[in-house]
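Right, one structure below, let's go through it.
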Amino acid sequence: MPIDIEQARRDTPAVSKILHFNNAGAALMPAPVLQAQLDHLQLEAAIGGYEAAAAANDRMEATYDSIARLLNADRAEIALVENATVAWDMAFHSVGFAAGDRILTAEAEYESNHIAFLQVVRRSGAIVDVVPSDAAGELDLEALERMIDRRVKLIAITHVPTNGGLVNPAAEVGRIARAHGILYLLDACQSVGQIPIDVAAIGCDMLSATGRKYLRGPRGTGFLYVRRGVLDRLEPPFLDLQSVTWVAPDRYEMRHDARRFENWERNVAAQLGLGSAVEYALGWGLADIEARVAALADELRRRLTEIPGVSVRDRGRRRCGIVTFTVEGKQPRDIVATLRQRRIHCHSSGPSLVLIVAPERRLPALVRASVHYYNTEEEVTRFAAAIAALA
Ligand SMILES: Cc1ncc(COP(=O)(O)O)c(C=O)c1O
């Protein structure tokens with residue numbers, strides 16, 4: 001069923017005042033998501049944080065169920081953490097690398113992830129090898145297959161890179177990882193909430209995501225999926241009284257579910273908001289969300305391409321809601337600042353985000369306009385007109 005855009009916009013009152021194409025940064029929260037947090041904050045103020053958490057325990061537990069449903073996972077495979085970076089780091093540093101172990105990644109891996117690779121390389125003597133992209137800019141599956149040998153301990157890629165519209169072939173990578181028995185960590189930070197995600201179909205062992213982007217949840221929320229079959233092989237880099245039980249003066253026992261990757265203290269209001277955001281997205285349906293987001297983004301690319309001096313920079317066969325472009329003679333950050341004064345929101349990203357490919361593609365800084373289903377064709381037209389006026 002197509003999404004009821006009028007209803008989606010009624011649930012997002014800010015759209016009457018701003019044109020928000022920064023959904024890949026932080027999307028606008030729908031009213032129920034905001035309300036879930038406000039209610040809990042009020043309860044905390046009224047009765048105390050621990051008492052409010054106890055009262056909200058069932059709803060907190062339901063957040064795990066909602067995320068499990070979103071990913072086609074089991075609730076025991078879900079950990080709630082502060083953001084996607086913490087989720088990814090907890091998974092990555094659980095693997096444990098020794099000299100000579102190889103990590104295979106893609107050219108457009110997220111900057112923080114690549115920094116973590118470099119740290120592990122420096123500390124352990126492991127090796128990180130970057131799988132080249134194919135002509136369309138997606139991870140080259142044949143090259144990946146060729147690069148595999150017995151030393152490969154982990155394949156870690158980003159599903160939807162932060163500054164480009166492409167969607168990497170996550171499930172095809174999963175098939176290769178499974179066939180060779182290699183651990184597979186997927187950064188789904190930009191894809192969860194805009195694309196249907198089925199961890200069983202993708203075949204990943206670990207998946208990290210954030211709340212505030214396409215899921216339209218609160219800032220400071222994130223989650224990690226870890227497949228049950230690999231859980232007991234992974235030792236989190238930090239342990240606390242949430243992740244283990246201290247059973248004797250010299251001994252602890254680690255949890256057997258994904259909550260071994262959590263820590264104890266949490267923003268309960270935000271995590272309730274996250275649960276509400278997941279339910280809200282599931283209510284529209286992820287397939288319908290993807291169809292609408294992709295159509296709006298395609299229309300935006302078409303409009304921008306018509307403007308003299310504007311170059312759309314997105315690659316990939318399958319494209320999503322992230323649209324990147326440059327305007328001849330203009331600095332992206334200046335464009336973003338000028339538009340913000342007019343209550344039009346987008347984002348700029350520098351080449352450091354993609355240091356591996358930027359020099360080769362001579363990729364300059366980019367403007368990133370990221371659309372969501374609650375955006376409209378009229379907003380696409382207005383955004384393109386605003387860019388044309390600057391070009
Ligand atoms: C692809 C990708 N991965 C990871 C992150 C980090 O997410 P967070 O800021 O929630 O830690 C981002 C943030 O922009 C991202 O785009």
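Run lengths n ≥ 4 of DSSP H only: what is the helix-derived mean residue ellipticity at 222 nm for the chain, with -39500 (n - 2.57) per run over all residues, to the nearest 500? Computed mean residue ellipticity for the chain: -12500 deg cm²/dmol. Once the chain from LEU118 to GLU235 is taken as fully extended at 0.36 nm per residue, the excess over their C-alpha distance is 40.1 nm. Rounded to 0.05, the FRET efficiency of the SER16 and GLU328 pair, given R0 = 35 Å and the Cβ-Cβ distance, is 0.55.
The 3J(HN,Hα) values that the Karplus relation (6.51, -1.76, 1.60; θ = phi - 60°) gives for the range 276-289 are, in residue order, 5, 5, 5, 4, 4, 5, 4, x, 7, x, 5, 5, 5, 4 Hz. Gly and Pro appear as x. Counting Lys +1, Arg +1, Asp -1, Glu -1, what net charge surrounds LEU272 among other residues with beta carbon under 9 Å of its beta carbon? Local net charge: 0.
Under 5 Å between amide hydrogens, built in the peptide plane, is the criterion, and for VAL128 it picks out ILE103 among residues at least 5 positions away or on other chains. The antiparallel fraction among DSSP beta bridges confined to the chain stands at about 55%. With R₀ fixed at 45 Å, the C-beta to C-beta distance from THR245 to ARG340 puts the FRET efficiency at about 0.35. For LEU38, LEU80, LEU274, LEU183, the sequence from fewest to most other C-beta atoms within 10 Å is LEU38, LEU183, LEU80, LEU274.
The slack in the chain from HIS256 to THR381, taken as 0.36 nm per residue of separation less the alpha-carbon distance, amounts to 39.8 nm. Each DSSP beta bridge with both residues in the range 133-208 is either parallel or antiparallel, and the antiparallel ones are about 10%. For the chain, the Kirkwood hydrodynamic radius comes to 21.7 Å, computed from all pairs of different C-alpha atoms.
Each label point was placed 7 Å from the Cα along the Cα-to-Cβ direction; for ARG178 and ARG228 their separation is 1.6 nm.
Put simply, the amide H of VAL81, placed in the peptide plane, has neighbours under 5 Å in GLY222, PHE223, LEU224, leaving out anything fewer than 5 places away on its chain.
Since every read-out is calculated from the coordinates, none of them should be taken as a lab result. Note that the coordinates shown come from a computational prediction; the quantities given were computed from them, not determined experimentally. Neighbour counts are summed over all protein chains in view; Cβ atoms, including those assigned to glycine, are modelled from backbone coordinates with ideal geometry.
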